[in-house]
1. Kindly provide log₁₀ I(q)/I(0) values, in the same order as q = 0.20, 0.28, 0.29 Å⁻¹, from the Debye equation applied to equal alpha-carbon scatterers of the range 89-155.
2. Among the lysines, select those whose C-alpha is under 24 Å from the C-alpha of residue 169, and discard any that sit fewer than 8 residues away in the same chain.
3. Could you tell me the largest-minus-smallest coordinate of the C-alpha atoms of the range 1-146 on each of the three principal axes, in descending order and whole angstroms?
4. Computed over the Cα atoms of the chain, what is the ratio Rg over Rh, Rh following Kirkwood?
5. Work out the FRET efficiency for residue 105 and residue 245 from their Cβ-Cβ distance, taking R0 = 45 Å, and round it to the nearest 0.05.
6. Quickly work out the residue 189-to-residue 271 label distance, labels modelled 7 Å from Cα along the C-beta direction, and quote it in nm with one decimal.
7. Might you report the magnitude of the Cβ-based charge dipole of the chain about its Cα centre, with Lys and Arg at +1 and Asp and Glu at -1, to the nearest 20 debye?
8. Could you let me know the centre-to-centre spacing of the range 107-137 and the range 9-86, using Cα atoms, in angstrom?
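Read-outs: derived from the displayed coordinates by stated rules, not from any lab. Everything quoted here is computed from the prediction, not taken from an experiment. A quick note on method: Cβ atoms are made from the backbone with ideal geometry, for glycine too, and the neighbour counts reach across all protein chains shown.
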Amino acid sequence: MNDLTYTAHNVRFPDGTYTMAKDLPLLSDRPQIKSILNILKDVAHLIPEQSTLVDLGCLEGGYAVEFARAGYRTTGIEVRANNFACCEQVRAKAGLNHLKFVMDDVRNTPKYGPFDVTFCAGLLYHLDQPIEFIKMLAKQTNKVLVLHTHFSNFYEPMYDGFQSKTLEKLKRRLKLKSQKRNFHLSKIETHEGVQGRWYGEFAPEASENQQEGLRWASWKNHRSFWVTKEDLMVSLKSAGFDYVFESFDHLNLAEHSLEANSWGQFIAIKKLT
Ligand SMILES: C[S@@+](CC[C@H](N)C(=O)[O-])C[C@H]1O[C@@H](n2cnc3c(N)ncnc32)[C@H](O)[C@@H]1O
């Protein structure tokens, strides 16, 4: 029996019911989804709404349903059975015939592609071979990749043990708290030819059942590699995208901690002809 509990995507259906609750913020009101739809429509204006779009690691299908509502022929790929069951419920209740979900590992995306638009949110930093994945995405994306991801920083006292005790004491005395969230990343390392830091996902011996319960985590790889922002952007370019941007238009005052959390929205575009 699947667990149909929604952990993050609150969607309203035509019959007036919700995946989560009426009084919780709707995914369709998040600044991120509004920003992406505007970018696809206004900036990359050669992408008609009937274009194909893939949502990788789509969790409960909330973003996918918004893309389909905007007219994109949308495929969501999600590996966890409980998340996938939520996606299927969303699909049935949304009543959109150009929305579908497949239960699979995103590393198998070529089985379903290519797609005009790739939406990859909250996923790249859950992979242990992100550069190989970016190369695959570049082949599978005809026009635009929208990437929401954590990255790591080359200089990061929190993970490099450079934090001076005196400075820490002074900060405590002045009651200054570090704005940066501690993800317990490794020291800087080179992996797949780029620099980044390792992030621990779960114990190496975790069973598939235990992994199934970690609804937002990686799948099969017990650690993930967070590429530095610079190497991430260069890798997108060398994988075959002609233009690579970081976009900030979805940020508002309440969310300006995103930068402190080493998180960004990146747009990679192939020349539109
Ligand atoms: C942090 S959540 C992000 C969910 C969603 N994209 C969002 O932004 O709200 C990561 C999602 O990716 C899925 N995932 C992780 N690794 C995956 C893989 N190798 N193949 C398919 N899905 C994966 C997880 O099950 C989870 O749904």
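1. Scattering profile of the range 89-155, log10 relative to I(0): -0.94, -1.34, -1.37.
2. 177, 180, 187
3. The principal-axis extents, from largest down, are 39, 36, 25 Å.
4. Working: Rg = 19.3 Å, Rh = 19.7 Å.
Using only Cα positions, Rg/Rh for the chain is 0.98.
5. Numbers: r = 29 Å, r/R0 = 0.63.
Taking R0 as 45 Å, the efficiency between residue 105 and residue 245 is 0.95.
6. A separation of 3.9 nm, rounded to one decimal place.
7. Values: 34 positive and 32 negative charges, 137 e Å.
So the magnitude is around 660 debye.
8. Using only Cα atoms, the two centres lie 17 Å from each other.
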